[in-house]
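The values are calculated or read from the model by the stated rules, or taken from the named source; none is laboratory data. What you see is a predicted model; the values in this text were computed from it and never measured. Cβ placement follows ideal geometry from the backbone for every residue including glycine, while neighbour counts extend to all protein chains displayed. Quick note on the areas: whole protein, heavy atoms, side chains included, nothing else; ligands and nucleic acids left out. Shrake-Rupley method; radii C 1.70, N 1.55, O 1.52, S 1.80 Å.
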Amino acid sequence: MATGADVRDILELGGVESENTGTISKKDIINSDKKKSKKSSETLTFKRPEGMHREVYALLYSDKKDAPPLLPSDTTQGYRTVKAKLGSKKVRPWKWMPFTNPARKDGAMFYHWRRAAEEGKDYPFARFNKTVQVPVYSEQEYQLYLHDDAWTKAETDHLFDLSRRFDLRFVVIHDRYDHQQFKKRSVEDLKERYYHICAKLANVRAAPGTDLKIPVFDAGHERRRKEQLERLYNRTPEQVAEEEYLIQELRKIEARKKEREKRTQDLQKLITAADTTTEQRRAERKAPKKKLPQKKETEKPAVPETAGIKFPDFKSAGVTLRSQRMKLPSSVGQKKIKALEQMLMELGVDLSPMPTEEIVQMFNELRSDLVLLYELKQAFANCEYELQMLRHRHEALAKAGSLGPVGMEGARADGQAGLSMEEGKGDAKDQIIDVVGAPLTPNSRKRRESASSSSSIKKVKKP
C-alpha cells in the first residue's frame with residue numbers, strides 16, 4: 001500500500017522532513033540532475049535595452065555580472081578583456097632622491113621619484129649617451145703621416161675639436177667653423193680631410209695581417225651629387241613639363257616596341273606553321289597509302305597553337321556523333337568564322353557536308369588551312385601598311401631636314417610637297433619620337449591625320 005511519501009515522490013512535491021533531516025531519501029537520488037538544472041535556470045538573465053549598442057552593454061555587465069574594472073587591463077585573450085586583478089601584497093615604497101647624469105660634466109644635481117630599493121644606483125637613461133670615438137694623433141704622427149700643404153696643424157686641430165664637440169655632425173661643424181681665422185672650407189672639404197686622417201691612422205696603427213674597414217669618402221662624387229640636386233631643384237616649369245612629355249613618349253615607344261616584337265613572334269609562328277603544314281602535305285603525298293595511318297601516329301609535327309584551328313579530340317567514353325568533330329571550337333572568333341564561310345562559298349564547298357570519317361578529316365584540315373591563310377594575309381597586310389607608314393615618315397623627315405635628301409622626290413609624288421619648312425621643323429620632334437613604333441590600323445591613321453590637320457589649323461589662326 002502506497003504511503004504519503006510515495007505520493008509526494010510521484011508528484012515531485014518537496015518534503016520538509018527530507019530537507020531538514022540529514023538522511024538521503026529516494027527523491028534525492030533520482031532527482032539529483034533535476035535539482036542542478038533548476039538551480040541553473042534560476043539564475044537571472046538581463047536583457048539588453050533597446051537602442052543600446054552591444055559594445056556599450058558589454059561594458060556594463062559581463063558573463064559573471066561583475067562590476068566594471070577600476071583599472072584598464074591589457075590582454076590578448078579574445079574580444080572581452082580580462083579585468084585587472086588587484087593584489088593584496090605590500091606596496092613597494094618610493095622615495096624623492098637626488099641624482100646626477102653621467103652625460104653632463106658640470107655636476108648638476110636633479111631630483112626625481114624612485115623606488116627606495118634602487119637608491120644609490122646609476123641613472124638608468126645614462127646608457128643612451130653614445131659618443132663618437134674621434135681618433136687622437138700625436139705631434140710625431142702628424143709630421144710623419146698627416147702633413148698636408150693645403151691644411152695647417154692648427155686648422156686640423158680645430159676640425160677635430162669641433163668633431164668631438166658635435167659628434168661628427170658636419171653641417172653643424174661647418175656652421176661653427178672659424179672661417180675668419182682659417183681658410184673658408186666647404187662641408188665636403190671638411191669631410192675629406194677628416195676621413196683621410198682616419199684612414200691614415202688606421203693603416204699606421206693596424207697590426208700586420210689584420211683586415212681593416214677603412215672609411216672612404218669620395219668628395220668629388222658628393223660635389224657632383226649636390227650640383228645635380230641643385231640643378232634639379234632650379235628647373236623651370238617649362239623644363240619640368242618637357243621632361244614629363246619626353247618620359248611619356250618614351251613609355252609609348254617602349255609599348256610600341258613590345259607590341260611590334262609580339263607581332264613579329266606571332267608572324268614567325270604563322271610562317272613556321274605554314275611551312276610545317278606544307279612539308280606535311282608533301283610527305284603524305286609521297287608516302288604509300290598503307291603507311292599513311294602509321295605515319296600520322298608516329299610523326300606529328302610541332303605546330304603552334306595559333307596556327308589554323310585546333311579541333312578537340314573526342315576520346316571520352318560514351319556515344320558521340322561524328323558531326324561533332326566538325327564543330328568549330330569557341331576559340332575561333334566571329335570574324336574568322338564569317339571569313340571562313342565566305343572562302344568556303346567562293347570555293348564551292350558545302351558548309352555542312354556528309355560527316356563520313358574521310359570527309360570530316362579532310363574538311364577540318366581544309367578549314368584549318370583556310371584560317372591559316374586568312375591569318376597570313378592579315379599579317380601581310382599589316383606589314384605592308386606599316387612599311388608604307390614608315391616610308392612616308394622617312395620622306396617627311398628627309399623633307400624637314402632631319403635626314404639627308406633621300407626620298408625627297410617620293411615625298412613630292414605622294415602630295416606632301418605642299419608642307420612648309422616651318423611646319424616640318426615644328427613637327428620634327430613628334431615625328432622623330434613616333435618613327436620607332438608606327439600604328440598598324442587604318443583607324444589610327446585617320447586619327448593621326450585629323451590631329452595633324454587640327455594642329456595646322458591652330459598654327460594658321462595664330463597671329
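Structure notes:
Let's see how each residue does on (1) of a type in the set (D, E, K, R); (2) in a helix (DSSP H, G or I); (3) surrounded by 11 or more Cβ atoms within 10 Å (Cβ to Cβ); (4) touching an Asp or Glu at 6+ places or on another chain (Cβ under 7 Å):
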residue: GLU244; (1), (2), (3), (4): yes, yes, no, no
residue: LEU250; (1), (2), (3), (4): no, yes, yes, no
residue: ALA255; (1), (2), (3), (4): no, yes, yes, no
residue: GLU259; (1), (2), (3), (4): yes, yes, yes, no
residue: THR264; (1), (2), (3), (4): no, yes, yes, no
residue: ILE271; (1), (2), (3), (4): no, yes, yes, no
residue: ASP275; (1), (2), (3), (4): yes, yes, yes, no
residue: THR278; (1), (2), (3), (4): no, yes, yes, no
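- Pairs, first part of a loop (DSSP other than H, G, I, E, B) in the range 145-157, second surrounded by fewer than 17 Cβ atoms within 10 Å (Cβ to Cβ) and of a type in the set (A, V, I, L, M, F, W, C), C-beta under 8 Å, six or more apart: THR152/PHE182
- Looking across the range 158-175, the residues that are in contact (Cβ under 8 Å) with a residue 12 or more places away in the chain and surrounded by 13 or more Cβ atoms within 10 Å (Cβ to Cβ) come down to HIS158, LEU159, PHE160, LEU162, SER163, ARG164, LEU168, PHE170, ILE173, HIS174.
- Some residue of the range 347-368 being within 26 Å of ASP266 (Cα to Cα), among the basic types (Lys, Arg), open to solvent by 40 Å² or more (accessible area, probe 1.4 Å) and out of contact with any Cys (no Cβ under 8 Å at 6 or more places or on another chain): no
- Pair list, Cβ under 7 Å, 6 or more apart: the range 321-332 residue farther than 11 Å from PHE363 by Cβ, other residue outside any loop (DSSP other than H, G, I, E, B) and of a type in the set (Phe, Trp, Tyr): none
- Residue, most open to solvent (accessible area, probe 1.4 Å), within the range 316-346, restricted to residues that are farther than 21 Å from GLU358 by Cβ and among the hydroxyl-bearing types (Ser, Thr, Tyr): SER330
- The C-beta contact set for the range 336-355 (first residue outside any helix (DSSP H, G or I), second residue at pLDDT below 85 and of a type in the set (Lys, Arg), distance under 8 angstrom, 6+ apart or interchain) comprises PRO355/ARG322; PRO355/ARG325.
- Filter pass, SER138 being exposed (fewer than 12 other Cβ atoms within 10 Å of the Cβ), at pLDDT 90 or above and more than 52 Å from the chain's Cα centre (by Cα): yes
- Taking the criterion of being among the charged types (D, E, K, R) and open to solvent by 80 Å² or more (accessible area, probe 1.4 Å), the residues of the range 371-395 that qualify are LYS377, GLU384, ARG391.
- Filtered by the rule that a residue be open to solvent by 60 Å² or more (accessible area, probe 1.4 Å) and without any contact (Cβ under 8 Å) to a residue 12 or more places away in the chain, the range 182-195 gives a lone residue, LYS184.
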